[in-house]
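This report concerns only the one structure given below.
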Amino acid sequence: MLNIEDLHVEVDGKEILHGLDLRVPPGEVHAMMGPNGSGKSTLAYTLAGREGYAVTRGRVLFQGQDLTAMKPEERAQEGVFLAFQYPVEIPGVSNANFLKSAVNAVRRHRGQPELDAIEFLKLARQRLKLLNMDEASLSRPVNVGFSGGEKKRNEIFQMWMLDPRLAILDETDSGLDIDALKIVAEGVNALRGPGRATLLITHYQRLLDYVVPDKVHVLAAGRIIKSGDKELALELEAKGYADLVKAAAT
Amino acid sequence: MSVDITSIDPYIRQFAVARSLLPGAGFAWLDAKRDAAIKRFGSNGFPTAKVEAWKFTNLNPLTQTTFHNVVVPSQPALTKAALAPYRLTPDCHLVVFVNGQFRPDLSALDHVPDGTRVVGLGDADEDDLHALIAPPSVAADSRARSLLDLNTAFMNDGAVVHLGRGAVLDPVQLLFVAIPDSAPLAFQPRNLIRAEAGSSATVLETYVSLGVGAYWTNVVTQIAIAPNAILRHYKLQAEGGSAFHVAATSVRLERQAAYRMFAVSLGAELGRNEFDIDLAATDATARLAGVTLACDAQHLDTTIRIDHSKPRGTSSQEFRSVVAGHAHAVFQGRIRVAPDAQKTDARQSSRNLLLSAAAAADTKPELEILADDVKCSHGATVGDLDRDALFYLQARGVDEADARSILIDAFLNELIEGIGGQAARAYFRRACDSWLAKGSRP
Ligand SMILES: Nc1ncnc2c1ncn2[C@@H]1O[C@H](COP(=O)(O)OP(=O)(O)OP(=O)(O)O)[C@@H](O)[C@H]1O
Ligand SMILES: [Mg+2]
């Protein structure tokens, strides 16, 4: 599904990722952990196509296509979704209008008929209910005045509405209360299945209690220094990164 | 300062011919005002960048052409149906001017309510003429008001809207239609809005062109709002692409009077929308807001002077511009608070969005505060679209061009949503939407 080989990424002329290899096969959920500043968000933004994240070496294939050649919107239309670590506030743009434009852009790309306002609202209300979110949030400006947890839930809501093939969740579990965490986990599990893959960037084991990953990777200083199964996350929770990072350096 | 004779001489000669044909000719006092005005215009000439109030707006493109003031213009054939797209609502009171001349045949004034009078300048009485000719009570350098003087000399039509005590007029539209001629024409309308005590009115001014070609609208609007009266004043400047539009609006507010203004400026090669607001008595309120949409090589200027002359006045100026191509937007806002205008609350904000590297915006606040117990704030920004917001939208699958439109739309909507009247809100939203559909694309 996602195939990353020897990926080097520079931001503002500084190399942040120094040759990263990662394969996420269809149907799998992979967790990505690692110390602050190790490059997790850099990887996420690079996959989403953010301006200023220059791939200087290596390649990224998504469903066999070169992802780096596509504009951000083309990636999204192809099925890449990034839940932002820091969702952006957009004053003056209502959640409903924004998401309807997005959903229909993706549907057009997939050759599906566009949703009219009534169909869109029906679908949106249904998903909001499942996420235990307030319907009124649809008419509010995107993320403006949302609490930290509300912003994260809003990311999951958007993910559900857009029905991605590859979901990248950048610390979506941070700042969530325990009920919200379960809802997010259900959201991720609901999108688990053949033809889909998920990359969960997280600092905490607790999300992985609800979304059991097929693999866990440790990113440190721009490289993956260790990969393992779900037991690796438990081990990290107990011991921290220090020994691993030291071992990788020698 | 030396004055460029070649640019002003044709107007002085045109005036000599027109003088005895203009409305009110024969009233000695009015003839004297017109003579004095053309004399001042002759000695001051067109404002240049040396005049502080005009430092961002260069009138060279205007002065290079001689525009013809036609006192009795031909009456181009036009149907009511052709004007329908520009109307505020299909049934609002309507005063139509074609090439500067009042057209009762195209207007809709049959149901003007009791206590109100809406007529063309030809039917103005002597009282109206005195009010029309009164100089703005807000002081300014006389060289900055040269084009107002030119209008005083040539004014030959316009709308007189008079609201008696407690009258309600909601709404009336003044629709100025230009049909450009092969020879460039000058239109010099002079409007008067007088709201007597306790009255309430909504007045929309619309300027459009039904053809291609250069012309010049040089309009002056005089507004007097008596105690406890309220005027909602809207203006859409959608002149033709080769047109020039210069407007001077002056407003005098009495005790507890309220003035609300919203303007959208998107037409003309060069446009200037100037407001002089005098809060001449206690507890008056003036709220001005507007949007400038400029593309290609347009130059659009909004200049506001607000005088707080008496205590407890409230004023606000909230203006935004979206500038594309190599267009230029200007905002100048002066707030003066007189020594005894205590408890004044005056706010000003100018935000400008530049859509291309060659687009420019100049914004200049000017505060002269001579009272000590006042609240006064101002802020200005000039910048690009928010890159993070743009990426967020794109990362959800929205095309870059659509994402840009969504963000520009939001920037404008924050102001448009503040328009009180539902019909006016829809009218301006339509105007902005059609501009966005073409103007904002890089
Ligand atoms: N614009 C930039 N210029 C230079 N360095 C940058 C820039 N943006 C990020 N970095 C650096 O890149 C490194 C990786 O940052 P990144 O945000 O990817 O870390 P992260 O693993 O997501 O951390 P966290 O767990 O705190 O979210 C950090 O050292 C950061 O300071
Ligand atoms: Mg991060």
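Calculated on C-alpha atoms, the gyration radius of segment A:1-127 divided by its Kirkwood radius gives an Rg/Rh of 1.01. Semi-axes of the equivalent ellipsoid for segment A:69-165, computed as √(5λ) from the eigenvalues of its C-alpha gyration tensor and ordered from largest down, come to 21, 17, 12 Å. Most simply put, segment B:5-386 has about 5% antiparallel DSSP beta bridges, counting only bridges with both residues inside it. A cut-off under 9 angstrom between Cβ atoms defines the neighbours of A:T56, and their net charge, with Lys, Arg +1 and Asp, Glu -1, is -1. Annotation: the antiparallel percentage among DSSP beta bridges lying fully within segment B:117-243 is about 10.
Other protein chain C-beta atoms within 10 Å of residue C-beta, averaged over A:99-112: 3. Stokes-Einstein diffusion of segment B:149-287 at 4 °C, 1.567 mPa s viscosity, Kirkwood radius from Cα pairs, rounded to a whole number: 84 µm²/s.
Which of A:K152/A:K215; A:K100/A:K152; B:K364/B:K438; A:K129/A:K151; B:K33/B:K80; B:K55/B:K235 have a Cα-Cα distance over 27 Å? Over 27 Å Cα-Cα: B:K364/B:K438; B:K33/B:K80.
Peptide B:406-416 shows a mean partner chain C-beta count of 3 within 10 Å per residue C-beta. The convex hull built on the alpha-carbon positions of segment B:5-386 has an orientation-averaged projected area of 18.0 nm².
In whole angstrom, segment B:334-442 maps to an equivalent ellipsoid with semi-axes of 35, 18, 13, each derived as √(5λ) from the alpha carbon gyration tensor and ordered largest first.
Under 5 Å from the amide H of B:A268 lie the amide H atoms of B:E239, B:G240, B:G241, B:A243, each residue being 5 or more positions distant or on a separate chain, with H modelled from the backbone and absent for Pro and chain starts. Mean shadow of segment B:243-302, computed from the convex hull of its alpha carbons, in nm²? Averaging across all directions leaves 3.8 nm² for the Cα convex hull.
In this structure the amide hydrogen of A:V216, modeled in the peptide plane, comes within under 5 Å of the amide hydrogens of A:A31, A:G228, A:D229, none closer than 5 places in sequence on its chain. One compactness figure for segment A:205-245 is 1.12, namely its Cα radius of gyration divided by 2.2 N^0.38 Å.
The three principal axes of the Cα atoms in segment A:2-249 give end-to-end lengths of 57, 39, 35 Å, sorted in falling order. Of the two radii for segment B:1-145, the radius of gyration is 1.01 times the Kirkwood radius, both from the alpha carbons; that is the Rg over Rh value. Backbone amide hydrogens, once placed in the peptide plane, bring B:N191 within less than 5 Å of B:A159, B:V220, B:T221, B:Q222, excluding anything fewer than 5 places away on its chain. Every Cα-Cα pair of the protein assembly as shown was included, and the share exceeding 44 Å stands at 38 percent. Report, for the protein assembly as shown, the % of DSSP beta bridges that are antiparallel, rounded to 5. DSSP beta bridges in the protein assembly as shown are roughly 20 percent antiparallel. Direction-averaged projected area, Cα convex hull, segment B:69-196: 9.2 nm², rounded to one decimal. Applying both filters, DSSP loop and at most 15 other Cβ atoms within 10 Å, to the GluC sites (Glu not before Pro) of segment A:1-83 gives A:E51. What the phi angles of segment B:158-164 give under the Karplus curve with 6.51, -1.76 and 1.60, with θ = phi - 60°, is a coupling list of x, 10, 10, 10, 10, 10, x Hz, glycine and proline written as x.
We did not get these values from a lab; they are worked out from the coordinates using the rules stated. Worth saying up front: this structure is predicted, and the values here are computed from it rather than measured. Cβ atoms come from the backbone with ideal geometry, glycine included; neighbour counts cover every protein chain shown.
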